[in-house]
Structures are given as C-alpha cells and as structure tokens.
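The values are calculated or read from the model by the stated rules, or taken from the named source; none is laboratory data. Just so it is clear, the structure is predicted and the values come from calculations on it, not from any experiment. Heads up, the Cβs are rebuilt from the backbone with ideal geometry, glycines too, and the neighbour counts pull from every protein chain shown.
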Amino acid sequence: MDQQHPLATDSSDGTGEAGRALDRRAELSEFLRTRRARLKPEDVGLPDFGRHRRVPGLRREELAQLAGVSVAYYTRLEQGNGRNVSAEVLDSIARALRLSDAEHAHLTHLARPRPQRRKHAYRAQQVRPSLRQLLDTFEGTPAYVTGRRTQILAWNRMAAALFGDWSELPAQERNWARLVFLRPDYRQLFADWESKATDIVGMLRMNAGRHPDDPQLSALVGELSVKSPEFRQLWARHDVKEKSHGVKALRHPLVGDLTLNFESFQPPAEPEQMLITYHAEAGTPSAEALRLLASWGADATRAGTGTAPA
C-alpha cells in the first residue's frame, strides 16, 4: 500500500492522500480537537463529577461555555467550518483553550485564511547581500538565515564549523527538517534530539497554516512522512511553534559537549526569513570550545558533524 500524505487529510496517524495540498478544514478541525483534548475540567476551573468521559479532555459543550459561544456554533467550527468567524470569537476560543501566542496565530491562519498564492509566488528565496555581509561580521559566533520550510539560506564560517559544511550539500538538502529527521549524524549532534525534532515539526506546522497551498512544503512533509516514523508521530500532534530563543546542547565530534544560547531575529522587510545566532556564556567550557572551532578554521568546517553526507 502506498504511504499517504498528511497534508491532505488527517487521520489517527496524521496521514492523508499523497501529492495534495493542505486541507485547511481538516487542519482546523484536528487542531481544535487536539487542543481541547489536552485540557481537563480542573485545568479551567470546571467541576469534574467523576463520570466516565467518552473523549479525552474537555467536552465540546464545556469548551463552548468557557468561550461564550453556542455549542452548535463551536461544533461547526471544530468540524472545519470557519467561514465568517470573527476575530473576537477566535480570541475567546483561544483564551478558553489556553493557546500560546503561536497557537493563537495558527488558529487565525486556519480559520481566516488569506487568499491563496499563485505557484510562482513560492520561487526560491534570496538573502540580501548586506545580510550575508552581516553574517560574516559575526566572528566566533555561529549564525545562519533560514526561510520557508526550515530551509537554510545563508550561513557564516562558524556555523559551518559547528553544524557542518552545508555548501557540500545540494540546495534542496540544506533544510533543517531533512537534516534532523533523515541524517543520523544530526541525531548524534543534538544531545536532546527529541526536543530539536519537536521544534522543527512545530515550525513546519506553523508554516503550513500560513501557506496551505505551498506545493514544495506539501512535497517535503510527504517525503518526511514516508521516511521517518518519528516525523509522522510528531506531525499528528498538531503542535505549532515559532522560532524565538533558548538553549541547545550539542555533542560536536571535535570539541565535545557544548551548551549554547540561541537568539532569533527577523530581518527588516523579510517576514519569512530568520537570522539565528548561537553564543556561549563567557568563561564557560562551551565558550572555549567555540574559540577552538574558530581557531581551527577550515579544519573544523571540513570536520562538520563528523560523518559523510547521507
């Protein structure tokens, strides 16, 4: 049997028919259902009388009560019919479901979608020359720029020394989702691989909500679903995430363990690109490891993540 594609329709395992774009109504329905399922009555101040509940989490009528809408209205929305829903109603439902800012934005993208783009609108993204020059000024600081679909668009020498020389890969393979789910060396590079994988899927979900008609995103998700059981499981959870800031633990083949802080910045006039930088706290072993990578230069870059491309 052919592997199905999770962008088309969602079933219990997060898969759907191959080759189709995201089914926005199915996405809206599954997103609301999974957010409702994670809440218990006591989480939102409702009494739980100990009755057997046929579904996990809150019932539709309980959620509707919290959001201040009729059960019939909320049921239609959870069935994927978000036509003419107001921003105020979405805000109320987001509060009732205790959505994060990223989840609230995702709900809005699904319920009140923008007009679909033409296919030519998804041509390859370009990084401004001045932004590329900025990357090179970050001496000793790994930095790179990502675009739609977690594509890696540009990077500096230190990023290559830390993560591997992406210039040796075909442009299509310079993609965080492909690297994390399809490359064993990247599974070894991230000390908490599960956390990195979850972040990647959350960002792809966010991108899919914004651009349900993106054929390249559909193809990427379809490929990952066929090749990675872990991706299929994470995609079925409907979690969303936006790149921001945090801490990553790495196991580099040359300098060993590093604990690095990362920060994300949106370049001016580039809403679909992100500049990400990594740095270590001064005086720590991780700072010394970055200094060693910088001093080793091309040798560290060639070492990359320690294995040949898959």
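Quick grid of which residues meet (1) under 18 Å from residue 262 (Cβ atoms); (2) under 16 Å from the mean Cα position of the chain (by Cα):
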residue	(1), (2)
145	yes, yes
148	no, yes
160	yes, no
169	no, no
172	no, no
178	no, yes
185	no, no
191	yes, no
Residue pairs meeting the criteria (Cβ under 7 Å; at least 6 apart or on separate chains; first touching a residue at least 60 places away in the same chain (Cβ under 8 Å), in region 179-193; second of a type outside the set (Ser, Thr, Tyr) and assigned to a helix (DSSP H, G or I))
182/227; 186/179; 186/180; 190/196
Can you confirm whether residue 75 is of a type outside the set (Lys, Arg), closer than 25 Å to residue 271 by Cβ and either at pLDDT 90 or above or surrounded by 15 or more Cβ atoms within 10 Å (Cβ to Cβ) (or both)?
no
Would you check which residues across region 211-245 are out of contact with any Pro (no Cβ under 7 Å at 6 or more places or on another chain) and among the aromatic types (Phe, Trp, Tyr) and list them?
231
Against the definition (surrounded by 16 or more Cβ atoms within 10 Å (Cβ to Cβ), of a type in the set (S, T, N, Q) and closer than 22 Å to residue 124 by Cβ), how does residue 266 come out, yes or no?
no
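For region 141-149, does any single residue satisfy the condition of being of a type in the set (A, V, I, L, M, F, W, C) and touching a strand residue (DSSP E or B) at 6+ places or on another chain (Cβ under 6 Å)?
Start the filter on region 141-149 by keeping residues that are of a type in the set (A, V, I, L, M, F, W, C), which leaves 143, 145.
Next, only the ones that are touching a strand residue (DSSP E or B) at 6+ places or on another chain (Cβ under 6 Å) stay: 143, 145.
Yes; the residues of region 141-149 include at least one that is of a type in the set (A, V, I, L, M, F, W, C) and touching a strand residue (DSSP E or B) at 6+ places or on another chain (Cβ under 6 Å).
Residues checked against (1) among the aromatic types (Phe, Trp, Tyr); (2) assigned to a helix (DSSP H, G or I); (3) over 21 Å from residue 172 (Cα atoms):
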{"residue": "188", "(1), (2), (3)": "no, yes, yes"}
{"residue": "196", "(1), (2), (3)": "no, yes, no"}
{"residue": "199", "(1), (2), (3)": "no, yes, no"}
{"residue": "207", "(1), (2), (3)": "no, yes, no"}
{"residue": "233", "(1), (2), (3)": "no, yes, yes"}
{"residue": "240", "(1), (2), (3)": "no, no, yes"}
Identify the residue in region 250-294 that is in contact (Cβ under 8 Å) with a residue 12 or more places away in the chain and charged (D, E, K, R) and, among all such residues, is farthest from residue 145 (Cα to Cα).
257
For region 132-180, what are the residues that are under 21 Å from residue 206 (Cα atoms), touching a Lys or Arg at 6+ places or on another chain (Cβ under 9 Å) and hydrophobic (A, V, I, L, M, F, W, C)?
145, 152, 153, 176, 177, 180
When residues of region 136-152 are limited to those that are closer than 30 Å to residue 208 by Cβ, not β-branched (Val, Ile, Thr) and not in a strand (DSSP E or B), the one modelled with the highest pLDDT
142
Exactly one condition in (1) among the β-branched types (Val, Ile, Thr); (2) surrounded by fewer than 22 Cβ atoms within 10 Å (Cβ to Cβ); (3) in contact with a Lys or Arg (Cβ under 9 Å, 6 or more places away or on another chain) is not met by residue 240; state its number.
(2)
